[in-house]
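Participant: The structure under discussion is supplied below as structure tokens; questions concerning it will follow.
Values in this text are rule-based calculations from the coordinates and carry no lab data. Treat the numbers as computed from the prediction; the structure is a model and nothing was measured. Here the Cβ is made from the backbone with ideal geometry for all residues, glycine too, and neighbour counts use every protein chain on show.
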Amino acid sequence: MGLPAAQAWTVASYVLKQRLRGRERYPLVLMLEPVLRCNLACAGCGKIQYPPHVLRRALTVEQCLAAVEECGAPVVSIPGGEPLLYPHIGELVHELTSRNKYVYLCTNAIRLKQKLEEGVFEPSKRLSFSVHMDGLRAEHDLSVCRDGVYDIAVDAIGEALRRGFRVTTNTTLFNTAEPMRVRDFFDAMMDLGVEGMMVSPGYSYDAAPDQDSFLEREKTVELFSAIMEGKPKRWRFNQSPLFLQFLMGKRDYECTPWGNPLYTIFGWQRPCYLLQDGYAATFSELMDDTQWEQYGRSSGNPSCQDCMVHCGYEPSAVHATFSSWRGLRDSAVATVTGRL
Amino acid sequence: MSASDGGAGDGGDEIAALVERAFHYRGDVTVRTAAGVEVVGYLFNRNDRGEDRCAQLFETGTGREVAIAYRDIRDVLFTGRDTAAPRQDTGAPGPVGGSDPEAPGRTATTP
């Protein structure tokens, strides 16, 4: 798998510390959205449909840092919207890495090359550009609803790697995905030299323009099995191997909605990155006052029944890794052998 | 739809239902208060539990964050465009080319 040892150790020691303290619920990755606006309008995205005056809003760097401190998660992911449209993105990333946080800056890469040339970022073992890539050229440009974006992203990835940055990719798959094409895409990303890939099925956002392409649970398992079965060892994934096995139907987990909490211009989103049932003013209010039993597959909540998205289930896989010797062994074996 | 066109009346539960609908609406609303004030903005949150039930809005124009107690709300009108609704002009689903209000020359080649 593609996670650097220092980062894996930071996450592992954090999780063990939480368990030793007896914390039943703890965050693993803070999802921090300083802006909601984006320079794309992808068919499967339900995050950006707001009036213009809302899209113009942005968190201050101070608000972002206060949220990071309050949350305490060792990893901060900055999605959006498009974070490179945030005017203070360089300052924010610098502040986060200097606080020893591991940062994933999720970007469509349209402005990445420009930002690199402007010297907005410095290479760091704690900073990774997580470039949104939904497939090979045809599939990706279709997914982001604009021609030419795949080539721009590939060019920016090359530039970032040349400058010594860590680069990963993040891929959302829908029911239109063809397993062989996805396999070819993973080969292509490895050929580019990215550190690792992240992959997840899409979530059926009510607000997304395309409501016909979301995966149901059985189809998700079918698709990921076809893609991942007998995968080449050279494919590196920047995520838990147990989560990938979950997507292939080899494991069954319950959702951990508090694992990847989201802080955005509206506050702390309840209950998770995907559902919008309201906002808490503070992180402790989110953790203490959310009725967690109403979420997850076993709750019967219809919004959760087909969801297998990484933000709910990757924390479950990490928790499983550190909950038993078997989990630790299975994770280690998959990591070393590359077999899922 | 509003309290005055059949959606709700003076009852607290009806106002709560209207605020709930506004919370899930991806466009601006106009909140009419008992004092006769109209607040136009995006209703991004509501606290519908306990004694201090209130709706929170980002006011259009000023950008101010405003909280209005349920007991002060007389009506909610859905006055802004629903940004999550299918586009009426082309039949294409959702916004085209990006949500960045400052992005120039945005185009899309596929719906």
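Participant: Multiply the residue gap between residue B:51 and residue B:69 by 0.36 nm, knock off their C-alpha separation, and tell me the result in nm, one decimal place. Don't skip to the end; give the middle numbers.
Facilitator: Details: separation 18, 0.36 × 18 = 6.48 nm, distance 0.96 nm.
Fully extending the segment from residue B:51 to residue B:69 adds 5.5 nm.
Participant: Now for a different question. List the cysteines of the protein assembly as shown that have no other Cys Cβ closer than 4.7 Å: which are they?
Facilitator: A:38, A:64, A:71, A:106, A:145, A:255, A:272, A:304, A:307, A:311, B:54
Participant: Apply the Karplus curve 6.51 cos²θ - 1.76 cosθ + 1.60, θ = phi - 60°, to the phi angles in region A:127-143 and return the couplings in whole Hz, x for Gly and Pro.
Facilitator: Along region A:127-143, the couplings run 10, 10, 7, 9, 8, 5, 9, 9, x, 5, 3, 5, 5, 5, 5, 5, 5 Hz.
Participant: What does the structure give for A:53-62 when I average, per residue, the other chain Cβ atoms found within 10 Å of the residue Cβ? Before the final figure, lay out each step's value.
Facilitator: Working: counts 11, 12, 6, 4, 5, 0, 0, 0, 0, 0.
Per residue, the average neighbour count from other chains is 4.
Participant: Counting only DSSP beta bridges with both residues in the protein assembly as shown, what percent are antiparallel, rounded to the nearest 5?
Facilitator: Working: 25 of 51 bridges.
Bridges in the protein assembly as shown that DSSP calls antiparallel: roughly 50 percent.
Participant: Which of the lysines could be linked to residue A:125 by a straight reach, that is with a Cα gap under 21 Å, when you skip same-chain ones fewer than 8 residues away?
Facilitator: Straight-line reach from residue A:125, under 21 Å: A:101, A:113, A:115.
Participant: Now for a different question. Would you list, by chain and number, the lysines whose Cα falls below 18 Å from the Cα of residue A:231, excluding same-chain residues fewer than 8 positions away?
Facilitator: Partners found: A:250.
Participant: Let me ask something additional. State, to one decimal in nm, how far the label point of residue B:20 lies from the label point of residue A:16, with both points 7 Å from Cα in the Cβ direction.
Facilitator: Each label point lies 7 Å from its Cα, and together they span 4.7 nm.
Participant: If you don't mind, another one. Quick one: which residues, 5+ away or cross-chain, put their amide H under 5 Å from the amide H of residue A:108? H built at 1.01 Å from N.
Facilitator: Counting only residues 5 or more places away or on other chains, the set is A:132.
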